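Chemist: First the structure, then my questions, so here it is.
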Amino acid sequence: MSFSQISANDLLQHRQANPTLELIDVRTPAEFRSLRIEFAQNIPLDRLAPSGLLAERNGQADEPLYVVCLSGGRSKLACEKLVAAGFRNVVNVAGGTKACATAGLPVIRSGSNWSLERQTRIAIGSLVLLGAVLGYTVHAGFYGLSAFMGLGLIFAGLTDSCAMGLMIAQLPWNRSTSGSGTCQI
């Protein structure tokens, strides 16, 4: 069994027809606080427990459950996880929160937190640069760091998953549920 996918415009129409539809956002709490769909519930991908969610829904695995992230990658992983756990009506929102905001869904914006994707690009770019500088100035073996980051990017592209992003999601400012640990840049 698999999940279905809809556009942000279709989600808007479904929401207008059913104001109680359930939408979960699987981004980090910091990303969620930065920009979120007004009626979305935040359950970060690394904390998504399908059995607990099913219990909250009183075992109603047939009711539609809509899943969103920033652009669609993490929500796809969450959908796969939910389907594997027995949910029968899981719907991925293509284009993510960005597309939903463009489509006219009600969103809440606060602060200027850096997205997980942006943090990951900065981290990988820094490590590539560090490997190149150390390879040139200290020892040629440090070029391996740059090569390793390049291989990681290729793997991330082929598998549509990013280990570096998952590690960065564990950092305190990405896990905090209060405003105190937020990366305000």
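Chemist: If I filter region 22-45 for residues that are under 22 Å from Ala163 (Cβ atoms), of a type outside the set (Asp, Glu) and out of contact with any strand residue (DSSP E or B) (no Cβ under 9 Å at 6 or more places or on another chain), do I get at least one hit? Before you say what the answer is, go through the steps one by one.
Modeler: Initially, region 22-45 is screened for residues under 22 Å from Ala163 (Cβ atoms), giving 25-32, 43-45.
Adding the requirement that they be of a type outside the set (Asp, Glu) leaves 26-30, 32, 43-45.
Next cut, out of contact with any strand residue (DSSP E or B) (no Cβ under 9 Å at 6 or more places or on another chain) only: 45.
Within region 22-45, one or more residues are under 22 Å from Ala163 (Cβ atoms), of a type outside the set (Asp, Glu) and out of contact with any strand residue (DSSP E or B) (no Cβ under 9 Å at 6 or more places or on another chain).
For every residue, the table says whether it meets (1) under 13 Å from the mean Cα position of the chain (by Cα); (2) charged (D, E, K, R).
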position	(1), (2)
Thr28	yes, no
Ile37	no, no
Leu48	yes, no
Asn58	no, no
Asp62	no, yes
Tyr66	no, no
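Chemist: Also, quick follow-up: Based on this model, can you work out whether Ser75 counts as part of a loop (DSSP other than H, G, I, E, B) and either under 16 Å from the mean Cα position of the chain (by Cα) or of a type in the set (Val, Ile, Thr) (or both)? Lay out the reasoning, then the answer.
Modeler: Details: part of a loop (DSSP other than H, G, I, E, B): no; either under 16 Å from the mean Cα position of the chain (by Cα) or of a type in the set (Val, Ile, Thr) (or both): yes.
No: the conditions fail for Ser75.
Chemist: Would you mind stating whether Thr137 is of a type in the set (Val, Ile, Thr) and over 25 Å from Asp25 (Cα atoms)?
Modeler: Details: of a type in the set (Val, Ile, Thr): yes; over 25 Å from Asp25 (Cα atoms): yes.
The answer is yes for Thr137.
Chemist: Among the candidates Leu82, Leu70, which residue alone is under 14 Å from Val26 (Cα atoms), part of a helix (DSSP H, G or I), of a type outside the set (Ser, Thr, Tyr) and assigned by TED's automatic domain parsing to the domain that holds Asp46?
Modeler: Numbers: Leu70 fails: part of a helix (DSSP H, G or I).
Unique residue meeting the criteria: Leu82.
Chemist: In region 1-32, what count of residues is obtained for those that are under 18 Å from Cys79 (Cβ atoms), in contact with a helix residue (DSSP H, G or I) (Cβ under 8 Å, 6 or more places away or on another chain), modelled with pLDDT of 90 or more and not hydrophobic (A, V, I, L, M, F, W, C)?
Modeler: Final tally of qualifying residues: 3.
Listed here are the residues, each with its yes/no results for (1) in a helix (DSSP H, G or I); (2) crowded, with 18+ Cβ neighbours inside 10 Å.
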site	(1), (2)
Cys100	yes, yes
Leu105	no, yes
Ala123	yes, no
Gly135	yes, no
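Okay, residues lined up against (1) among the β-branched types (Val, Ile, Thr); (2) free of Cβ contacts under 8 Å to residues at least 24 places away in the same chain; (3) more than 24 Å from Leu151 (Cβ to Cβ):
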residue	(1), (2), (3)
Leu53	no, no, yes
Glu56	no, yes, yes
Val68	yes, no, yes
Thr97	yes, no, yes
Gly104	no, no, yes
Ile122	yes, yes, no
Ser126	no, yes, no
Leu129	no, yes, no
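The values are calculated or read from the model by the stated rules, or taken from the named source; none is laboratory data. All values reported here derive from a predicted model rather than from experimental measurement. Here the Cβ is made from the backbone with ideal geometry for all residues, glycine too, and neighbour counts use every protein chain on show.
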